[in-house]
Amino acid sequence: MQPLEGFRVLDLTHVLAGPCATHHLRCLGAEVIKVERPQTGDPMRALAIHPELDGVPPGFRALNAGKKSVVIDLATDEGRANVLRLAESADVFVENFRPGVAKRLGLGADDVRTVRPDIVYCSISGWGQDGPNSARGAYDHVIQAATGMMALQGSDPDAPPVKVGFPVVDIATGISAAEAILAALIRRLRGDKAPITLDVSMVDSALALMSGPAAATLATGKAPDRVGNRGF
């Protein structure tokens, strides 16, 4: 028996960070129901289509294999009602819209708790659910730049910043969200019935990956040197 067998996750995420989070839960045995928009579905479906793979690119398969998919138009009353109907039997609800969008759709934490009071509600965003940057959009490379991750890459101090060659922040955020959800489920198993709302941000996850340089910068006020391919 897998650890999360019997748990149901309602997945309203798209692209990378959110699907990565629910992918880890699915790998641990949870049933994941992925809600996708009509006609286009998750935008990752449209990237680098390979005809020999039945129109499902490897990047999409990597983080969505084994999930169940349902098409729902969240902008309609019927769509909202269908999502809430699914939420009645879900243990976890995950979304990665910009802050405020889920609430505007009638699918915020309080809305979902009207049908499932004990649900674990997880929101994933670039900058967090509140604060001066919360309304800003964010992609992996934007957060890499904003946190100084790009400035650490390469060995020439006079060269431009260098991006990490894969979406490291998205994946780190997905893993962080999965970890937070697992901790919340442990609380539930221990009998804690208090509302649980998780706020997982890409910027926090990026800084967690950079804990050493980030802590040194906060302590000294001095930006860290580039290390390139040298061991620290």
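The values are calculated or read from the model by the stated rules, or taken from the named source; none is laboratory data. Keep in mind it's a predicted model, so treat the numbers as computed, not measured. Ideal geometry is used to build each Cβ from the backbone, glycine not excepted, and the neighbour counts take in all protein chains shown. Protein only, heavy atoms only, side chains kept; ligands, DNA and RNA dropped before computing areas. Shrake-Rupley method; radii C 1.70, N 1.55, O 1.52, S 1.80 Å.
On a 0 to 90 degree scale, rounded to 10, what angle separates helix 168-189 from the longest Cα axis of the chain?
Between helix and principal axis, roughly 50 degrees.
Given that just one value was derived from the coordinates, which of (i) 30; (ii) 45; (iii) 19 is percent of Cα pairs over 30 Å apart?
(i)
Would you list, by chain and number, the lysines whose Cα falls below 28 Å from the Cα of Lys222, excluding same-chain residues fewer than 8 positions away?
By straight Cα distance, Lys222 reaches Lys163.
Between the stretch 73-120 and the stretch 156-177, how far is it from one alpha carbon centroid to the other, in angstrom?
Centre-to-centre distance over Cα atoms comes out at 31 Å.
Under a point spin-label approximation (7 Å from Cα along Cα-to-Cβ), what is the Met1-Ala46 distance to one decimal in nm?
About 4.4 nm, to one decimal.
What is the stretch 1-78 by shape, rounded, prolate or oblate, if you read a ≥ b ≥ c off the alpha carbon gyration tensor as root eigenvalues and call it rounded for a/c under 1.5, prolate for a/b larger than b/c, and oblate otherwise?
In terms of gyration-tensor shape, oblate.
Dipole size in debye (nearest 20) for the chain around its Cα centre, Lys and Arg Cβ +1, Asp and Glu Cβ -1?
So the dipole magnitude of the chain works out to roughly 220 debye.
Using a 1.4 Å probe on the protein chains only, how many percent of the accessible area of the chain belongs to carbon and sulfur?
57
Got a sec? Charge dipole of the stretch 1-120, +1 on Cβ for Lys and Arg, -1 for Asp and Glu; which of Met44, Gly100, Pro57 is way out at the positive end?
Of Met44, Gly100, Pro57, it is Gly100.
Note down the magnitude of the dipole of the stretch 1-49 about its Cα centre, charges +1 on Lys and Arg C-beta and -1 on Asp and Glu C-beta and zero elsewhere, to the nearest 20 debye.
100
Among the GluC sites (Glu not before Pro) within the stretch 19-123, which fall in a DSSP loop and have no more than 13 other Cβ atoms within 10 Å of their own Cβ?
Within the stretch 19-123, the qualifying GluC sites (Glu not before Pro) (loop, at most 13 other Cβ atoms within 10 Å) are Glu88.
Using a Cα-Cα cut-off of under 24 Å, which lysines could be cross-linked to Lys67, ignoring same-chain neighbours fewer than 8 residues away?
Candidates past the 8-residue exclusion: Lys34.
Counting every Cα pair in the stretch 160-218, what percent are over 15 Å apart?
So the portion of pairs separated by more than 15 Å is 61 percent.
Of Arg190, Arg136, Arg85, which has the largest mean-square fluctuation in a 10 Å C-alpha GNM of the chain?
Per the Cα network of the chain with a 10 Å cutoff, Arg190 tops the list.
Whole number in Å², please: accessible area per residue of the chain, 1.4 Å probe, ligands, DNA and RNA not counted.
Per-residue value: 54 Å².
Answer with one residue from Pro132, Gly165, Leu182: the one whose Cα lies farthest towards the positive end of the charge dipole of the stretch 101-232, charges on Cβ with Lys, Arg +1 and Asp, Glu -1.
Leu182
Only helical DSSP H runs with n ≥ 4 go in: add -39500 (n - 2.57) per run for the chain, normalise by residue count and round the 222 nm mean residue ellipticity to 500 deg cm²/dmol.
-11000 deg cm²/dmol
Using a Förster distance of 25 Å, how high is the FRET efficiency between Phe166 and Ala219, based on the Cβ-Cβ distance and rounded to 0.05?
The pair Phe166/Ala219 has a calculated efficiency of 0.25.
Assuming 0.36 nm per residue, please report the length gained on full extension of the stretch Gln39 to Asp204 beyond their Cα-Cα distance.
So the chain would gain 56.0 nm between Gln39 and Asp204.
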